[in-house]
Structure formats: structure tokens, C-alpha cells
Amino acid sequence: MRPRVLVVTTGGTIAMAKTEAGIKPSVNGRALLNAVPGVEGIDVDLYEFSNVPSDWIEWKEWILLSRYINERLLHYDGVVIVQGTDTIEESAYFFNLTVSSSKPVVVTGAMRSSDVWDTDGPRNLRDSIMVAGNLNAVSKGVVVVVGGEIHAARDVFKIDRQFTNAFSSGRKGAVGIVDELGVVFFRSPEKRHTYRSEFAPFVGDVLPQVDVVYTYTGMNLDVFNFLVKDGSSGIVVVAAGIGNASKHLYKVLKGVVSKVPVVITSRAFYGRVAPLYGYEGGGKSLYDIGCVMGEDLHPLKARILLSLLLRHGKSLSEIRKEFKEY
Ligand code: ASP
């Protein structure tokens, strides 16, 4: 049987063109697909969800998309979500945790708009269809396919503001590649995802508000109390190095952890955070007052995981355990 792949377009630079007012949404999903030569042996259908920059996409759309993917995967062998690259690292991880199928789900986009002679859109879309229709992509979780690389949703982040190989999975590297000859996987993502995720399928319409606070020398620490008063259900702190902060922030967080869970991540891109340093503000002191170590998760992904955990009513010790599993 020929694999059937559904392409769902939401917009992004891949569907934009230059105007006098700057680059803006321009072409529809059908035109995007028409620009792609058919992939031998794979049948492709299209669903045009929206045509907006990914910067406009909110959790409401993620939830709708996740539900749609879950439902469509009962009838298709794989799904490709086309969106702007700006927020791919977030939406891909949300789908990774809330799509309950082991079938391939690929998220893709482009760095160059559709009107540029060497736009990367058609190539990325074609590569993504090849991955979504490939049996070896089954059970790999949600992947991001851009520039011929296949990245695990959990580890990928946008590293480049303008050039076409804009994504990296840090020290772990891509899980595979796709080229003219086919799809090659080097390894499988090791953490829980999709069919092994307890958050899939996502039920309901809302997620608890979790905020991210970047730390820096001389920061205004009032932001933490503001967020708690304003109704934040959890806070992800982007701390320094292996998970350290100032003694001033330590004092503030002592109060914050009694009200909402606090997850420590890092401004540094590679490695994990750990309860290592014992001085006031050091990672161990933060752990000892009740902060959760965000492991090697990017702060934006830690935020999504914390929100899902809170939605499932998890306790502090459960949150700590789950951060090691996802
Ligand atoms: N601003 C665009 C978007 O995310 C960038 C892109 O698609 O690459 O929609």
C-alpha cells in the first residue's frame, strides 16, 4: 500500500513574499504544495489550517492542531505541519508530548520567502513528505525537518536568524538526514514522547500559565513577585551556567517556591543544569529550597512540560521525576 501523508499548512515565511511593507503572508497552501515535485510512491493530501506568521500562533492553535493531528493519523500514515520557523522549537515539542500516535509527525518551514529564486521552502516540504511517509520514522516522535536534517522535537532549537540551516540539537546532533536518495536515521530520541507520553492526547482547551524569566547581572527581581501576583502557575528561570543565580535571586526564589513551582534552566546552550554549587544562589542551594532542575531542556520546552505537568496536578516530587523522563 502506498503511504498517505497529510500536509497541514499554517503559514510562515515559506508562504510569504516581499511587499513594499516588508515580507508578509502571500501564497496559500495549495501553491506551496504545487511548487513541490511529487514524491514517488507517496500520496499527499492538503489541509489549509491558517496562513499566519508562527509568531502569531497561540496555545489555542497548538491544541486545535494537536487534536487534528491525532484524529487524522487514524486515516493517514504521516502528517507534515508547515509553519514559520520562529516558533517551531516550541510547537514541535508540544506535539511531541500531546500526539498519541507512533506514526510520523514532521514540522517544517523555510527561512527564505516563496518569491526568492533560491527559496528553501519546496525542498524542505518535499524532504518532510519523504520523512512522514517513511516507515523508519515510525516511533521516533515528532521531528523537525529543515535543511536536510531531521531533528528530535525535544532537542531542537533555532540557532540562526537568517540562514537556511537554522536548527541545531546541540551536542546531541540531528537524529537523521534526508536527501535525494532517501531518509536515513542515525539514532532514536531517548526520552518519552507521543505514544509513550502521559499527556497525549491533550484533553481540554486551556493550559496553566507558565512564565519564563531570563536572569542577568543587575536584573529587576520584582518581576517574580509580579508574575506570581498576576496569576502565573509556574516559573521557569533561565539561570546561569550549570544552573546558578545570585544570592539576591536566591532570597526571592525562597519565597516564590512556597507559592508556585520553579524550574531552573540555563542561559548556556549545551549540557544540563545540576545541583552542584552550594553557595547562596548556586544550583544546589536552589534545589534545596525546592526548585526543580530542568535537566538539559531548553527553557521554552521546560515551560511547555511544566505547564502540562501542572495541568495533570503533579506534586513537586513528581515534577522532579518527570523532568528526568521527558
Ligand atoms: N517570522 C517567520 C515566521 O515564523 C519566520 C519564518 O517562517 O521563518 O512565521
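No solvent, one uniform scatterer per C-alpha: report log10 I(q)/I(0) for region 100-193 via the Debye equation at q = 0.10, 0.18 1/Å, two decimals. Evaluating at q = 0.10, 0.18 Å⁻¹ gives log10 I(q)/I(0) of -0.24, -0.75.
Rounded to the nearest 500, what is the 222 nm mean residue ellipticity of the chain from helices alone, with -39500 (n - 2.57) per DSSP H run of 4+ residues and division by all residues?
-8000 deg cm²/dmol
Using heavy atoms of the protein chains and a probe of 1.4 Å, the accessible area assigned to Tyr195 is about 100 Å².
The rule of thumb for compact globular proteins, 2.2 N^0.38 Å, goes into the C-alpha radius of gyration of region 281-326 1.12 times.
Relative to the longest principal axis of the Cα atoms of the chain, the long axis of helix 299-311 lies at roughly 80 degrees. Looking at region 1-138, the accessible area is 42 square angstrom per residue; that uses a 1.4 Å probe and ignores ligands, DNA and RNA.
Of the solvent-accessible surface of region 194-314, computed with a 1.4 Å probe and all protein chains present, 53% belongs to carbon and sulfur.
Label zone (Ala274, point 7 Å along Cα-to-C-beta; backbone nitrogen cut-off 18 Å) within region 299-326: 321, 323-325. Considering only C-alpha atoms, what is the centroid distance from region 279-326 to region 82-155, in Å? About 27 Å separates the Cα centre of region 279-326 from the one of region 82-155.
Solvent-accessible surface of region 170-250, averaged per residue with a 1.4 angstrom probe and all protein chains in place: 53 square angstrom.
When all protein chains stay in place and ligands, DNA and RNA are ignored, the 1.4 Å accessible-area order of Phe224, Phe269, largest first, is Phe269, Phe224. How high is the relative contact order of the chain? Use alpha-carbon pairs under 8 Å, at least six apart in sequence, and give a whole percent. Relative CO of the chain lands at 14 percent.
If you run the Gaussian network model on the chain, springs between alpha carbon atoms under 10 Å, then out of Ala268, Ala137, Ala15 the most flexible one is Ala268. The Cα-based radius of gyration of region 36-138, divided by its Kirkwood radius, gives an Rg/Rh of 0.94.
If the viscosity is 1.567 mPa s and the temperature 4 °C, what translational diffusion coefficient in µm²/s does Stokes-Einstein give for region 171-295 when Rh comes from Kirkwood over Cα pairs? Translational diffusion coefficient: 78 µm²/s. Computed over the chain, the percent of Cα pairs more than 38 Å apart is 17. Please give the helix 316-325 orientation as an angle from the longest Cα principal axis of the chain, in degrees from 0 to 90, rounded to the nearest 10. Rounded to the nearest ten degrees, it is 40.
In units of the rule-of-thumb radius 2.2 N^0.38 Å, region 1-42 shows an alpha carbon radius of gyration of 1.48. In the structure shown, the pairs Lys158/Lys301; Lys172/Lys301; Lys251/Lys314 are assessed against 18 Å; a Cα-Cα span above that value is assigned to Lys251/Lys314.
Mind giving me the FRET efficiency for Ala35 and Val212? R0 is 25 Å, r the Cβ-Cβ distance, nearest 0.05 is fine.
Values: r = 36 Å, r/R0 = 1.45.
Step by step, r from the Cβ atoms, then E = 0.10.
Taking θ as phi - 60° and the Karplus parameters 6.51, -1.76 and 1.60, the scalar couplings of region 30-44 work out to 4, 5, 4, 5, 5, 7, 9, x, x, 9, 4, x, 10, 8, 10 Hz in sequence order, x denoting glycine and proline. The C-alpha atoms of the chain define a longest principal axis, and helix 247-256 lies at about 80 degrees to it. Compared with the alpha-carbon gap, the fully stretched path from Asn225 to Val52 is longer by 58.9 nm at 0.36 nm per residue. Sequentially through region 85-96, phi angles give Karplus couplings (6.51, -1.76, 1.60; θ = phi - 60°) of 6, 4, 10, 4, 4, 7, 5, 4, 5, 4, 5, 4 Hz, Gly and Pro residues having no value and appearing as x. In sequence order, region 122-129 has phi-based couplings of x, 4, 4, 5, 5, 4, 5, 5 Hz under the Karplus curve 6.51 cos²θ - 1.76 cosθ + 1.60, θ = phi - 60°, and Gly or Pro positions carry x.
All Cα-Cα separations within region 97-153 were binned at 10 Å from zero, giving a P(r) of 26, 47, 21, 5, each value a whole percent of the pairs.
Only protein heavy atoms count here; on that basis, with a 1.4 Å probe, His298 has an accessible area of about 50 Å².
If you sort Ile63, Ile177, Ile289 by accessible surface, 1.4 Å probe, largest first, the order is Ile177, Ile289, Ile63.
Close amide H contacts of Val236 (hydrogens built in the peptide plane, cut-off under 5 Å, sequence separation of 5 or more or a different chain): Asp211, Val212, Val213, Val263.
Relative to its residue count, region 29-90 spans a Cα convex hull of 102 Å³ per residue.
The values are calculated or read from the model by the stated rules, or taken from the named source; none is laboratory data. These numbers come from a predicted model, not from an experiment. We place every Cβ from the backbone using ideal geometry, glycine too, and count neighbours over all the protein chains shown. Just the protein is used for accessible areas: all its heavy atoms, side chains included, with ligands, DNA and RNA removed. Shrake-Rupley method; radii C 1.70, N 1.55, O 1.52, S 1.80 Å.
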